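The values are calculated or read from the model by the stated rules, or taken from the named source; none is laboratory data. Fair warning: this is a prediction, and the values are worked out from it, not measured in the lab. A quick note on method: Cβ atoms are made from the backbone with ideal geometry, for glycine too, and the neighbour counts reach across all protein chains shown.
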Amino acid sequence: MRKSKLEDWELWNKQPPAMTAKNNLGLVLSSTRNLPLRYWRTGFFFTGAADEKLLESTSGRFPKKFIPRTSHPIYSLHQLPDQVGFKVCPCSSKKPFNKSYFRYIRKGCRLRYTRYQMDRNSYLIEAVKFNIPPTMAYRLAFKGEVPADCLQAEGSI
């Protein structure tokens, strides 16, 4: 029994499911530079936070020494309630000298999704946490997700 022409047309013209970040997050993350806040997760690492904006967002607590036209990385700590944004902390290549306990991303670590390799230890400045403004978040360069075995701790709480 032969199908009607309309049925043949419908069979070949059905749209495949759209590729979205929701169902293909790994593919999207590996090919993006600027990542909207709604796709952020705990443990994401970004570069390019302008020191001028960090100084403003941290009420002058970071960086200690302001140098115009420089930047620092950002580490995403956790999502804020009702998914309105993220709590983050800046990172530094300098070890915190006045803390008995600190965490850092070790040199040589390959980040998930992008295979970006850390070229130095990056110390999380968790004493300076802040809610990242969406305007700052979008300007950051997504470098990847830090695997748990790359996040090191030193000292005691």
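Quick check on my filter: what residues within region 64-87 are in contact (Cβ under 8 Å) with a residue 24 or more places away in the chain, closer than 14 Å to P133 by Cα and of a type in the set (A, V, I, L, M)?
Hits for region 64-87 are I74, L80.
Would you confirm whether or not region 53-62 contains a residue that is hydrophobic (A, V, I, L, M, F, W, C), at pLDDT below 95 and out of contact with any Pro (no Cβ under 6 Å at 6 or more places or on another chain)?
no
Within region 15-52, which residues are at pLDDT 95 or above, of a type in the set (D, E, K, R) and either in contact with a helix residue (DSSP H, G or I) (Cβ under 8 Å, 6 or more places away or on another chain) or crowded, with 17+ Cβ neighbours inside 10 Å (or both)?
Answer for region 15-52, where residues must be at pLDDT 95 or above, of a type in the set (D, E, K, R) and either in contact with a helix residue (DSSP H, G or I) (Cβ under 8 Å, 6 or more places away or on another chain) or crowded, with 17+ Cβ neighbours inside 10 Å (or both): just D51.
Within region 111-126, how many residues turn out to be touching a residue at least 24 places away in the same chain (Cβ under 8 Å), surrounded by fewer than 14 Cβ atoms within 10 Å (Cβ to Cβ) and over 14 Å from the mean Cα position of the chain (by Cα)?
At the first step, the residues of region 111-126 found to be touching a residue at least 24 places away in the same chain (Cβ under 8 Å) are 111-116, 118, 120-126.
Remaining after also requiring surrounded by fewer than 14 Cβ atoms within 10 Å (Cβ to Cβ): 115, 120.
Those left that are additionally over 14 Å from the mean Cα position of the chain (by Cα): 120.
Here the count works out to 1.
Has region 124-141 got at least one residue that is within 18 Å of N34 (Cα to Cα) and of a type in the set (G, A, S)?
For region 124-141, residues within 18 Å of N34 (Cα to Cα) and of a type in the set (G, A, S): present.
Of the residues in region 91-110, how many are in contact with a strand residue (DSSP E or B) (Cβ under 8 Å, 6 or more places away or on another chain), assigned to a loop (DSSP other than H, G, I, E, B) and either under 26 Å from E52 (Cβ atoms) or among the polar types (S, T, N, Q) (or both)?
So the answer is 6.
Can you pull out every residue in region 127-153 that is of a type in the set (V, I, T) and either surrounded by 12 or more Cβ atoms within 10 Å (Cβ to Cβ) or in a loop (DSSP other than H, G, I, E, B) (or both)? Let's see the steps before the verdict.
Within region 127-153, the subset of a type in the set (V, I, T) is 128, 132, 135, 146.
If the condition is that a residue be of a type in the set (V, I, T) and either surrounded by 12 or more Cβ atoms within 10 Å (Cβ to Cβ) or in a loop (DSSP other than H, G, I, E, B) (or both), then V128, I132, V146 are the ones that fit.
Based on this model, can you work out whether Y75 counts as farther than 24 Å from R139 by Cβ, at pLDDT 90 or above and not basic (K, R)?
Values: farther than 24 Å from R139 by Cβ: no; at pLDDT 90 or above: yes; not basic (K, R): yes.
No.
Within region 89-105, is there a residue that is within 21 Å of E56 (Cα to Cα) and aromatic (F, W, Y)?
No, region 89-105 contains no residue that is within 21 Å of E56 (Cα to Cα) and aromatic (F, W, Y).
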